Amino acid sequence: MSEHAHPNYFKIWAWLLVLLSISVAGPMLEIPVVTLITAFGIAIVKAYLVARNFMHLNVEKKYVVYLLTTMVVFMLLFFAGAAPDVMNQEGDQWYKPKVEAEAAATPHH
Amino acid sequence: MRPIATTRSASGTPTGRLAVWWVIASEIVIFGGLLASYIMFRLSHPEWAEYASHTNTWIGAFNTFVLLTSSLSAVLAHQAAEAGNGKKAAKLLYWTMLGGITFAVVKGFEWNMEISHGFTISSNGFWSFYYTAAGLHALHVIAGVVIMGIVAQTAKQNLELHRVELIGIYWHFVDLVWIFLFPLLYIAK
């Protein structure tokens with residue numbers, strides 16, 4: 001078991017709850033960019049607090065941090081490789097009844 | 001008695017903890033792949049915002065609160081185990097289990113409500129992702145509760161106290177996944 005100094009866990013938990021409240025309140029302003037920041041920006045901060053203080057990655061061997069970072073990079077690579085095709089709305093023998101119905105309803109010039 | 005290897009010399013990390021980190025590394029690509037796919041589809045289907053508007057933000061927020069609080073009791077259990085207080089560690093693990101059970105029960109009621117409103121796994125792409133991601137996460141919560149029960153049993157007798165930290169690391173990861181699922185499924189509407 002790893003022996004190390006423990007931070008004030010109650011304080012970190014309190015911060016996590018404050019951040020949770022902000023992420024819930026953010027969308028109430030109905031400003032898309034604020035919702036984006038309060039939802040995903042805060043999720044990243046919360047994840048950092050949990051990983052650093054509760055999972056003790058700040059005192060864990062660097063090897064573990066590199067291992068986990070590599071997995072996150074794999075995930076990003078998967079996204080970068082697959083997204084251009086998955087998010088494409090056109091293609092050979094593409095069958096999308098909903099999109100086609102909408103296109104048919106749109107007046108042609 | 002046959003000696004048990006406790007530390008890997010190459011990484012210098014205790015064997016059990018090393019195994020848990022590798023489990024988490026594999027979980028990152030499992031959940032990561034699922035969430036990355038969800039984001040791709042969500043960005044290219046604006047109509048999913050309407051489907052997502054039917055998820056209940058307050059229930060999601062309550063479950064986030066429950067998981068964050070259970071993570072607190074899990075890390076306090078680790079602290080107690082490190083101080084050699086197995087009884088206290090076990091007690092804190094029971095509180096963590098209660099958090100996990102609460103989460104699963106709330107999820108059950110939530111799903112029941114959604115299914116009764118006609119939102120099922122086959123309704124559309126959004127609900128398919130919703131039930132798959134939240135379901136896979138809920139399975140991890142249930143597995144964590146079961147393992148925690150086993151760890152608490154031995155910790156109570158002041159045995160195998162290092163396991164308290166190991167199940168704690170796993171539990172915090174389950175919490176971490178939910179931290180990202182919550183905005184994706186409940187906030188981005």
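Is it the case that the range B:105-117 has a residue that's outside any helix (DSSP H, G or I), modelled with pLDDT of 95 or more, within 30 Å of A:Asp85 (Cα to Cα) and more than 17 Å from the chain's Cα centre (by Cα)?
Initial filter on the range B:105-117 (outside any helix (DSSP H, G or I)): B:117.
In the following step, the residues that additionally are modelled with pLDDT of 95 or more were identified as B:117.
Next cut, within 30 Å of A:Asp85 (Cα to Cα) only: none.
No, because not a single residue in the range B:105-117 is outside any helix (DSSP H, G or I), modelled with pLDDT of 95 or more, within 30 Å of A:Asp85 (Cα to Cα) and more than 17 Å from the chain's Cα centre (by Cα).
So, in the range A:80-106, of the ones that are part of a helix (DSSP H, G or I) and of a type outside the set (A, V, I, L, M), which residue ends up modelled with the highest pLDDT?
The initial filter retains those residues of the range A:80-106 that are part of a helix (DSSP H, G or I), namely A:80-86, A:97-105.
Applying the additional criterion that residues be of a type outside the set (A, V, I, L, M) yields A:81, A:84-85, A:97-98, A:100, A:102.
Details: A:Gly81: 96, A:Pro84: 92, A:Asp85: 89, A:Pro97: 74, A:Lys98: 67, A:Glu100: 64, A:Glu102: 59.
Here the residue is A:Gly81.
With respect to A:Leu20, is the statement that it is aliphatic (A, V, I, L, M), more than 7 Å from every other protein chain (Cβ to nearest Cβ) and open to solvent by less than 40 Å² (accessible area, probe 1.4 Å) true?
no
What residue, of B:Phe173, B:Phe129, is within 14 Å of another protein chain (Cβ to nearest Cβ), more than 30 Å from B:Glu47 (Cβ to Cβ) and among the aromatic types (Phe, Trp, Tyr)?
Among B:Phe173, B:Phe129, only B:Phe173 is within 14 Å of another protein chain (Cβ to nearest Cβ), more than 30 Å from B:Glu47 (Cβ to Cβ) and among the aromatic types (Phe, Trp, Tyr).
May I ask you to list the residues in the range B:159-189 that are of a type outside the set (A, V, I, L, M), open to solvent by 10 Å² or more (accessible area, probe 1.4 Å) and in a helix (DSSP H, G or I)?
B:His162, B:Arg163, B:Glu165, B:Tyr170, B:Phe173, B:Phe180
Report yes if A:Gly26 is at pLDDT 90 or above, open to solvent by less than 30 Å² (accessible area, probe 1.4 Å) and within 20 Å of the chain's Cα centre (by Cα), otherwise no.
Yes: the conditions hold for A:Gly26.
Scan B:Lys88, B:Lys156, B:Lys107 and give me the residue that is within 30 Å of A:Pro32 (Cβ to Cβ) and not hydroxyl-bearing (Ser, Thr, Tyr).
Checking each option against the conditions leaves just B:Lys107.
Within the range B:8-18, take every residue that is closer than 19 Å to A:Val65 by Cβ and open to solvent by 80 Å² or more (accessible area, probe 1.4 Å) and give me the one that is modelled with the highest pLDDT.
Restricting to residues being closer than 19 Å to A:Val65 by Cβ and open to solvent by 80 Å² or more (accessible area, probe 1.4 Å), the top hit is B:Ala10.
From (1) farther than 20 Å from A:Pro7 by Cα; (2) free of Cβ contacts under 8 Å to residues at least 24 places away in the same chain, pick out the condition that doesn't hold for B:Leu72.
Exception for B:Leu72: condition (1).
Going by what's in this entry, would B:Ala81 be described as open to solvent by less than 10 Å² (accessible area, probe 1.4 Å), out of contact with any strand residue (DSSP E or B) (no Cβ under 9 Å at 6 or more places or on another chain) and among the aliphatic types (A, V, I, L, M)? Steps first, please.
Numbers: open to solvent by less than 10 Å² (accessible area, probe 1.4 Å): yes; out of contact with any strand residue (DSSP E or B) (no Cβ under 9 Å at 6 or more places or on another chain): yes; among the aliphatic types (A, V, I, L, M): yes.
So B:Ala81 fits the description; yes.
Within 30 Å of A:Glu30 (Cβ to Cβ), at pLDDT 95 or above and open to solvent by less than 10 Å² (accessible area, probe 1.4 Å), is that true of B:Phe129?
Considered against the rule, which asks whether it is within 30 Å of A:Glu30 (Cβ to Cβ), at pLDDT 95 or above and open to solvent by less than 10 Å² (accessible area, probe 1.4 Å), B:Phe129 comes out as no.
Listed here are the residues, each with its yes/no results for (1) within 26 Å of B:Val23 (Cα to Cα); (2) open to solvent by 20 Å² or more (accessible area, probe 1.4 Å); (3) small (Gly, Ala, Ser).
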| site | (1), (2), (3) |
| --- | --- |
| B:Trp111 | no, yes, no |
| B:Gly144 | yes, no, yes |
| B:Ile150 | yes, yes, no |
| B:Gln157 | no, yes, no |
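Quick one: A:Thr70 ticks every box in (1) more than 7 Å from every other protein chain (Cβ to nearest Cβ); (2) under 25 Å from B:Leu185 (Cβ atoms); (3) among the hydroxyl-bearing types (Ser, Thr, Tyr); (4) open to solvent by less than 90 Å² (accessible area, probe 1.4 Å) except a single one, so which number is it?
So the condition that A:Thr70 fails would be (2).
The values are calculated or read from the model by the stated rules, or taken from the named source; none is laboratory data. This is a predicted model, so every value here is computed, not measured. For neighbour counting, all protein chains shown are included, and Cβ atoms are generated from backbone atoms with ideal geometry for every residue, glycine included. Just so you know, the surface numbers come from the protein's heavy atoms only, side chains and all, with ligands and any DNA or RNA stripped out. Shrake-Rupley method; radii C 1.70, N 1.55, O 1.52, S 1.80 Å.
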